[in-house]
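Everything below concerns the one structure shown next.
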Amino acid sequence: MPTNDFPIAPAASLTSFLASLDLGGPTVVDDLTVFPLMSRLTETAWYDTLSDGVAAGRARVTEIGDAGTVPELRVVNDGERPLLIVDGEELVGAKQNRVVNLTILVPAKTTLTIPVSCVEAGRWRSVGSEFVPADRAYHASGRHDKMEQVTASLRSSATRRSDQGAIWQEIAAKSARLGARSDTSAAAAMFEQRRASLDRFVGTLQPIERQVGAVFAIRGHIAGLDAFDQPATWRRLMPKLLRSYGLDSLDSAVGGDGFSTPEPARFLKSASATKVDVFPAVGLGQDLRFDGADIVGGALSTDRGIVHVAMFPARGPVRPRTSRRDQPSR
């Protein structure tokens, strides 16, 4: 159930953070438009990103025991600082590839069980004992749907589950549209198949001074927003998120009737008019979840303020118009 035990009103915390962001002019690469978000309230880094923690040998991600369980993984943070794991980050290896269900701060010197979703329906066999963070986040339209599902799970049962069958169906449909084939029905195949285009987005779109996030648009419609509390975090996560939104820009079925490209400021302000529910976080802080007629979103907040916010238009700008298929067999 939601909790009201929060240092400041949750809506005020989110509104204050979004109000601290300056919206920059757009950069357009093919069908992807990026509006940078700059912060006036930056601070020095006080946590490590997942990729940095794993690369330094201070963090590792494994299955839950030898048997494993699809919707959960174990994170060990041996570092002296918290570890930031961002909504949609993909973890590759072990028994099957997964994506993280929501943004999490793992406390220092802590082992934590985290909620995840499978993005490789056709494999349940080990290819190693530990996961490796991928250079991408789950595609934005999939993150939109997963966020709706996890928010519903939090509100109905105080869990953080996605609709696993729906995720497999969506990956299958998107893979077919993009011409990506995988013997294990892995979402990774889509990113590999379009790697040259995705790498061009990453090479062309570079962070600017004070940038902490961006509003993304695809073919004339706002696709979503991701923003962090500090520029250093954005610099580390920007390539993953560019690949997330970039893959959707390469999918001609992605489009909708929500916020148009000239409306990033209105999209940015829309969260202020939306009811915010607050839940205890998996690790440090509180999970803020909000949705309404215009947006669906989530944020992680601590006593230092908002760490990460992600929000998407509620009415389909990045939701492919496809028919549902039968749930993949396991």
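The values are calculated or read from the model by the stated rules, or taken from the named source; none is laboratory data. Please read all numbers here as calculations on a predicted model, not as lab measurements. Every residue, glycine among them, receives a Cβ derived from its backbone with ideal geometry; neighbour counts consider all protein chains shown. Quick note on the areas: whole protein, heavy atoms, side chains included, nothing else; ligands and nucleic acids left out. Shrake-Rupley method; radii C 1.70, N 1.55, O 1.52, S 1.80 Å.
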- [ ] Using a cut-off of under 17 Å, list every residue of region 231-246 whose amide N is near the label point 7 Å from the Cα of Val29 along the Cα-to-beta-carbon line.
- [x] 234-246
- [ ] Would you mind checking Lys240/Lys269; Lys109/Lys269; Lys109/Lys275 for any pair whose Cα atoms are more than 32 angstrom apart?
- [x] Lys109/Lys269; Lys109/Lys275
Task: Net length gained if the chain between Thr204 and Ser129 were fully extended (0.36 nm per residue, minus Cα distance) - done: 23.4 nm
- [ ] On the protein heavy atoms, probe 1.4 angstrom, tell me the percent of accessible surface of the chain carried by carbon and sulfur.
- [x] 49
Open item on the list: Springs between alpha-carbon pairs under 10 angstrom, Gaussian network model over the chain: which of Ala56, Ala134, Ala166 fluctuates most?
Closed with: Ala56
Open item on the list: I need to check one value: relative contact order of the chain, counting alpha carbon pairs closer than 8 Å and at least 6 residues apart, in percent.
Closed with: 21
- [ ] List the DSSP H helices in the chain whose Cα atoms stretch 24 Å or more along the helix axis and whose mean Kyte-Doolittle hydropathy is at least -1.0.
- [x] 140-157, 231-249
- [ ] Could you work out the mean projected area of the convex hull around the alpha carbons of region 1-134, in square nanometres to one decimal?
- [x] 11.6
Task: Net charge dipole size for region 182-270 [Lys, Arg +1 and Asp, Glu -1 on Cβ; Debye, nearest 20] - done: 260
TODO: State, as an integer percentage, the relative contact order of region 44-92 based on alpha-carbon contacts under 8 Å between residues 6 or more apart.
DONE: 43
- [ ] Roll a 1.4 Å probe over the protein chains and send me the accessible area per residue for region 97-146 in Å².
- [x] 28
- [ ] Determine, from the Cβ-Cβ distance of Asp78 and Arg266 and an R0 of 30 Å, the FRET efficiency 1/(1 + (r/R0)^6), rounded to the nearest 0.05.
- [x] 0.10
